[in-house]
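Accompanying notes for the structure given below.
The values are calculated or read from the model by the stated rules, or taken from the named source; none is laboratory data. Remember, it's a predicted structure, so these values are computed and weren't measured experimentally. Cβ coordinates were reconstructed from backbone atoms using ideal geometry, including for glycine residues, and neighbour counts include every protein chain displayed.
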Amino acid sequence: MKTQITNGMFMAIIINMVYAKGIGLTQGSMAREVGRDIWLSSIIGNVLGLLLMLLVVAAIKRLPKGDLIHQGEFVLGTFFSKLLGVLFFLFFLGSFAVVMMTFVYHLKDYFLPEAPTWIFVTLGLAVGVYAIHFGIEVVSRMALIGVFSVLSLNILLLLGSFGRFDIRELLPVLESGLLNTIWASRHYLADWAITAMMAGLILPIVKDSKTWYRSATLGVLFGGGFILMWPILEVGVLSANVTGQYIVSCMQMARSAQIGLYIHRYEMIMVAFFALSILTQIMISLFCASVAAQKVFSAKDYRPFIIPVSLILGGFSYWYILDHYRAISFLENEWIIFGLGVAIAVPLFLWMIGFVFRKKLKELSHNEDI
């Protein structure tokens, strides 16, 4: 497979793929379970997310020129690869719905409550379709700019919130108990699952496979670090109880921030910096779903599948987003079970089965035509 993006671009995609959802809907879900311990759940989620990412890299390293679906074909045959393609498609169908929830609820609930939902879904899809039509390189360059936006957003939020921060709100530590705190991290781990499954498809087009472990590790550490600031500030400024009352807790956090004497509606600034991250999530989810469909039908290019895949993903997302209760129930229950199940089982199975076929994979890895 032709090399197209750099390791730095790959790191930028990792950061953007986890950031918007990680600060948007995830913290509120965890706060409703463990209250002020959400920052500890975030740390645990980062550690587990790193392990999941390294598992994906380890599985692909055996056949660096083929993604997880391609590897499954060489190990267990065409039928198994098509089954993997279906699983990947269903996974990114669910992840797209989760990402679109984040996109729509930020804009509709806080800025344009009277606007119909279909407008937001259509606009998000249109941007995603246009971007991935030109290839993953375009999205990767946007992700690099997105990292700058993420960093700027964090700095401005820190400056605007530090004066109202009360460290006593973070105490007592582990008030909900260690096991409950670990269990609550599953919401955040599901965000890392999306990123890990994305890596399972695009790693073969990342330069220099020798640095994949380093790039993946740094991407997870930086992405997790950028997100970790939010639960700490949300608990210290809003309190854990208030954080748990909101679907999009980060927007309420942004409303409480104040830069100087005149910039009070800080959430307007937040959305401007936030946009590139959430659009990157939309683009990558749509790209990965299109690639999965391509693998299922054994096509040479993913582009013919962009429109039909976007219609399926858009329709599914629209139906869920219309009802807040249905959407949050899916986010916190069905998506966690299915998303984590697929994201852990698929790379773990391929990594384990790779030991059985390690000689075959080693021979194939030297074939430049793979």
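What number of residues within the range 73-112 are of a type in the set (Gly, Ala, Ser), in a helix (DSSP H, G or I) and farther than 22 Å from ASN333 by Cβ?
Residues in the range 73-112 being of a type in the set (Gly, Ala, Ser), in a helix (DSSP H, G or I) and farther than 22 Å from ASN333 by Cβ: 2 in total.
Could you pull out the residue among LEU276, LEU238, LEU313, LEU233 that is closer than 21 Å to HIS106 by Cα, modelled with pLDDT of 95 or more and crowded, with 19+ Cβ neighbours inside 10 Å?
Just a single option satisfies the conditions, and that option is LEU313.
Would you tally the residues in the range 319-343 being surrounded by fewer than 13 Cβ atoms within 10 Å (Cβ to Cβ) and of a type in the set (A, V, I, L, M)?
Residues meeting the conditions: 1.
Filter the range 167-212 for residues that are of a type in the set (D, E, K, R) and touching a residue at least 24 places away in the same chain (Cβ under 8 Å); which is surrounded by the fewest Cβ atoms within 10 Å (Cβ to Cβ)?
Only one residue tops the list, namely ASP208.
Cβ-Cβ under 9 Å, sequence separation 6+ or interchain: first residue in the range 345-365 and exposed (fewer than 15 other Cβ atoms within 10 Å of the Cβ), partner of a type in the set (Phe, Trp, Tyr) and at pLDDT 80 or above. Which pairs?
As it stands, the answer is LYS360/PHE74, since those pairs meet every condition given.
Within the range 154-166, can you find the residues that are of a type outside the set (A, V, I, L, M) and surrounded by 13 or more Cβ atoms within 10 Å (Cβ to Cβ)?
ASN154, GLY160, SER161, ARG164, PHE165, listed by residue number.
Scan the range 279-292 and give yes if some residue there is of a type in the set (A, V, I, L, M, F, W, C) and without any contact (Cβ under 8 Å) to a residue 24 or more places away in the chain, otherwise no.
Looking through the range 279-292, none of the residues is of a type in the set (A, V, I, L, M, F, W, C) and without any contact (Cβ under 8 Å) to a residue 24 or more places away in the chain.
Considering SER285, SER277, SER329, which residue is within 15 Å of LEU90 (Cβ to Cβ) and either in contact with a Phe, Trp or Tyr (Cβ under 6 Å, 6 or more places away or on another chain) or in a helix (DSSP H, G or I) (or both)?
SER285
Filter the range 106-117 down to residues that are within 19 Å of TYR325 (Cβ to Cβ), surrounded by fewer than 22 Cβ atoms within 10 Å (Cβ to Cβ), in contact (Cβ under 8 Å) with a residue 24 or more places away in the chain and not polar (S, T, N, Q), then give me how many there are.
Total meeting the criteria: 2.
Restricting to the range 124-153, give me the number of residues that are farther than 12 Å from ILE278 by Cβ, surrounded by 15 or more Cβ atoms within 10 Å (Cβ to Cβ) and not small (Gly, Ala, Ser).
Number satisfying all stated conditions: 7.
Conditions: (1) over 17 Å from PHE226 (Cβ atoms); (2) crowded, with 22+ Cβ neighbours inside 10 Å; (3) in contact with a strand residue (DSSP E or B) (Cβ under 8 Å, 6 or more places away or on another chain). ASP37 meets all but one. Number of the miss?
(3)
Of the conditions (1) surrounded by fewer than 24 Cβ atoms within 10 Å (Cβ to Cβ); (2) modelled with pLDDT under 95; (3) assigned to a helix (DSSP H, G or I), THR3 satisfies every one except a single condition; which number is it?
(3)
Taking the condition of being assigned to a helix (DSSP H, G or I) and modelled with pLDDT under 95, how many residues in the range 173-199 meet it?
1
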